[in-house]
Amino acid sequence: TIDSPIKFLHGGISGTVINDKLDLFNNTQLTLGYAYHTDLGPGEFSGGLQVNFLNSVFDVEKLEPMVPITNLGKSDFILDGSLGLYYKVPDKYYLGLSCTNVLQTRMKKTQVRDKRVYDLTGGYNWVVPGYPAFELQPSAFITTDLAAYSFSISAIVQYNKKYWGGLAYRYQDAASVLVGFTILKSV
């Protein structure tokens, strides 16, 4: 993975190469991305675009002794993409929306298709009245392919912008205790 800010483009670019072998599939993926950043009102707006190239090789020989396969191809190449929008007012709130597998490209030979997935996230920073050293940070994340969904919520209490702790819950899956501290302030 590589990424870099590019000032004259008002954003940055990224690239990723992944090779993943899982059972009968060997997938090689190249992802190229661009994100645009600008000040908007009291906050910062970002928009991103990602293009995904995927070559998937299906090892038919492992199945043929058990299941005769005559019309299933061994290799497929697809092109798909992702889009995202994000708005943040520092120390106040943030909101993000993204969509992956926008084209829902079907692999012609292996008949595999990744569903389009939508993600929505948001959070808020609330300074406790009378105790400005304490800040409550609730947040939520929802993901869906419009057939099924998953969501998670969390709440963190931060002290002096340095120490924090909280709880998180992912629906029908997990609960977490969160603890942390900041060593260096980002610039």
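The values are calculated or read from the model by the stated rules, or taken from the named source; none is laboratory data. Keep in mind that this is a model prediction, so the values were computed, not measured. When we count neighbours, we look across all protein chains shown, and the Cβ atoms used for this are built from the backbone with ideal geometry, even at glycine. The area values use the complete protein model at the heavy-atom level, side chains included, leaving out ligands, DNA and RNA. Shrake-Rupley method; radii C 1.70, N 1.55, O 1.52, S 1.80 Å.
Looking at the range 103-158, which of its residues are over 30 Å from Phe25 (Cα atoms) and of a type in the set (Asp, Glu)? Lay out the reasoning, then the answer.
At the first step, the residues of the range 103-158 found to be over 30 Å from Phe25 (Cα atoms) are 120-141, 152-158.
Glu135, the sole residue that qualifies.
Would you be able to say whether some residue in the range 165-181 is open to solvent by less than 60 Å² (accessible area, probe 1.4 Å), among the small types (Gly, Ala, Ser), in contact (Cβ under 8 Å) with a residue 24 or more places away in the chain and in contact with a Leu (Cβ under 9 Å, 6 or more places away or on another chain)?
So in the range 165-181, the residues open to solvent by less than 60 Å² (accessible area, probe 1.4 Å) come out as 165-166, 168, 174, 176, 178, 180.
Checking which are among the small types (Gly, Ala, Ser) leaves us with 165-166, 168, 174, 176, 180.
Filter once more, keeping what is in contact (Cβ under 8 Å) with a residue 24 or more places away in the chain: 166.
The next check asks that each one be in contact with a Leu (Cβ under 9 Å, 6 or more places away or on another chain); those that pass are 166.
Looking for residues that are open to solvent by less than 60 Å² (accessible area, probe 1.4 Å), among the small types (Gly, Ala, Ser), in contact (Cβ under 8 Å) with a residue 24 or more places away in the chain and in contact with a Leu (Cβ under 9 Å, 6 or more places away or on another chain), one finds at least one in the range 165-181, hence yes.
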